[in-house]
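To keep things clear, I will list the structure first and then write my remarks on it.
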Amino acid sequence: MPSFYTRFTKVGFRNFRCFGELTEVPLKPLTILIGPNNSGKSTILSALSMMKQTLDSPVPDPVVLAGPYVDLGTFQDLKNKGTARATDPVEVSFQVETKGGYPFVSLQSEDRDKGDKIQIADARFGFNFDPRRRRMVLRSSRLALNGHVEAEAVSSRGRLVLEGVPEAIRKKAVIHPVHCFPTFHVRKGLPKNLQNQAAKMSQRTYELMYGWGLIFSGVTPISPVRSALPRLTFLGRSVGQAAGSGGEETLLRLASDIRIGPDRRTLEWLVNSWVTSKLLMLQRIHLDRLDRAKTVVSLRGDERGGPKGINLASMGKGFSQVLPILTGVLGGNFDDCVLIEQPELHLHPRLQAELGDLFVDQLMHGWIHQFIIETHSEHLLLRIRRRVAEREIPAEMVGVLVVEREGSKTNVTPLSMKPDGYFDNWPKGFFEEGVKEAYALASAKGAGE
C-alpha cells in the first residue's frame with residue numbers, strides 16, 4: 001500500500017438515470033463493472049465524469065450535463081423516470097479515502113499534523129432544474145470529513161440556507177454557490193463574537209472545494225469509442241478533444257517530451273515498450289517528423305522481418321482503440337483515477353487479457369491508484385483473477401460489481417473474491433456463453449455421427 005494516495009471508496013445515486021432509490025456503490029482500487037447491456041454500468045462512470053467536467057468548467061453552474069467527458073442530455077433525460085415528484089432533486093454522492101495530507105489538510109496550523117493519517121471525505125449534492133430561471137440550481141450540499149459535517153446547506157423556501165450553524169450566522173449568511181459548494185459571505189450586523197467563527201467556516205468551505213477540485217482533476221475518463229488515428233497531425237495546436245478520446249489527441253500526447261516515472265521515460269518510449277512486447281508482429285513504433293521544423297508528425301510501425309515505417313492509421317481499428325488507453329494509463333499523473341469503458345473494443349482475446357496485466361501492474365508498481373472499468377471481456381477478468389491467485393495483487397484490492405436490471409430497478413451486487421481468484425457468489429448465467437456454445441457444438445457433432 002503506498003504511503004500517500006487518494007481513492008474513491010463509494011459513489012451514490014438517487015433519482016439519477018436508472019437509479020431511483022438511494023443506491024451506494026462500493027469502489028476498490030481496481031473495480032470491474034460487468035452485466036448485460038443497458039443495465040446501468042455506464043451510469044456509475046458517468047457520475048464521476050459529470051462531476052469532473054463540472055469542476056473544470058469556468059461557469060460556476062451546479063452541474064454540467066453535457067461536456068467534453070460525457071453527454072447526459074437534458075435534465076429530463078438525466079432524472080429517473082420513476083421519481084415520485086417533479087420537485088424531487090437528483091442526488092449524487094462521493095466518498096474518498098486519502099492519506100498523506102492530500103488534499104484535505106487545512107491551511108490552519110492546528111491541522112497540519114494530520115497529514116500522515118487516513119482521512120475519509122464525503123460529499124453529497126442535490127440539484128434540480130428551475131423552469132422559471134431556465135437553469136440548473138443547487139438544492140442541497142453536504143461536505144463531511146472523518147464523519148464530521150464541515151459544511152451543509154439545504155433549500156428552504158426557494159433559497160439555500162446553512163445548516164448546523166448558530167441562528168445568527170444562518171440569518172446573516174448569503175450563499176452564492178460555486179458549482180456544488182455552499183460558499184457564502186455574511187452581511188453586516190453579525191455580533192463580534194460570531195464573526196471569527198463565520199470567517200473560519202467560510203474559509204473551510206473554500207478549502208474543501210479546493211480539495212475536491214484536486215481530486216476530480218485526477219479523474220481521467222477514456223472514451224468508450226475512441227477516434228481513429230489520423231495519418232498525421234500538427235504540433236502546437238489544440239484539437240478540441242478530451243484526453244482519452246483518441247485520434248489527434250493521442251498523437252499529441254505521444255509527441256510530448258514530458259518525462260514520466262522514476263526512470264524519466266517519454267510516453268512514446270513507454271507505449272513503444274508495451275506494444276512491441278505484446279504485439280509480436282511489431283519491432284518498433286515511433287513518431288516520424290515529416291518537416292524540417294519537426295512540427296508535422298505521424299505514428300509509424302516497423303514489422304519484424306517485414307516492411308518498415310508503416311503508418312499505424314493503416315493497421316486496423318485495434319490500434320486506434322488501444323492507444324488512447326495506453327497513453328491514458330502509461331502517461332497518467334500521480335493519483336489518477338482512470339475510467340475506462342469497453343477497453344476490449346476491436347482487440348484480440350490475448351490482448352484483452354494483456355490489458356488486465358497493464359491495470360494490475362500500474363496499481364502495484366506504477367503511479368495510478370485507481371481503475372474503474374466497464375467491460376464485457378471474460379478474458380480481461382480471467383487474467384485479473386489469475387493474478388490474484390498468483391499473489392500479484394491482493395484480492396481485497398479488486399472489486400467486481402454485477403449490474404443488473406430487475407424490471408425498472410437497477411441492482412448492483414458486489415462479488416466476494418477469494419485469494420484463489422474465485423467467487424463465493426458468482427451469478428448464474430454470467431460469462432457462460434462459451435460453455436453453452438461448446439456444449440451445443442459437441443451435441444450437434446454427436447447427433448451427426
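The values are calculated or read from the model by the stated rules, or taken from the named source; none is laboratory data. No experiment lies behind these values; they were computed from the predicted model shown. Neighbour counts are summed over all protein chains in view; Cβ atoms, including those assigned to glycine, are modelled from backbone coordinates with ideal geometry. Side chains are part of the model used for accessible areas, which takes the heavy atoms of the whole protein and leaves out ligands, DNA and RNA. Shrake-Rupley method; radii C 1.70, N 1.55, O 1.52, S 1.80 Å.
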Report whether or not residue 31 is under 23 Å from residue 217 (Cβ atoms) and at pLDDT 95 or above. yes
Please go through segment 114-156 and pick out each residue that is modelled with pLDDT of 90 or more, among the basic types (Lys, Arg) and under 23 Å from residue 26 (Cβ atoms). 124, 142
Residue tally, condition in contact with a helix residue (DSSP H, G or I) (Cβ under 7 Å, 6 or more places away or on another chain) and either open to solvent by 30 Å² or more (accessible area, probe 1.4 Å) or not in a strand (DSSP E or B) (or both), over segment 259-274: 5
Please tell me if residue 137 is in a strand (DSSP E or B) and surrounded by fewer than 15 Cβ atoms within 10 Å (Cβ to Cβ). no
For residue 347, work out the one condition from (1) touching a Leu at 6+ places or on another chain (Cβ under 6 Å); (2) among the aliphatic types (A, V, I, L, M); (3) under 25 Å from residue 274 (Cα atoms) it doesn't fulfil. (1)
Residue 222 meets each of (1) at pLDDT 85 or above; (2) more than 33 Å from the chain's Cα centre (by Cα) with one exception, condition (2)
Residue among 291, 302 that alone is outside any helix (DSSP H, G or I), free of Cβ contacts under 8 Å to residues at least 60 places away in the same chain and open to solvent by less than 40 Å² (accessible area, probe 1.4 Å): 302
Residue 167 is checked against (1) charged (D, E, K, R); (2) more than 30 Å from residue 345 (Cα to Cα); (3) surrounded by 17 or more Cβ atoms within 10 Å (Cβ to Cβ) and fails just one. What number does that condition carry? (3)
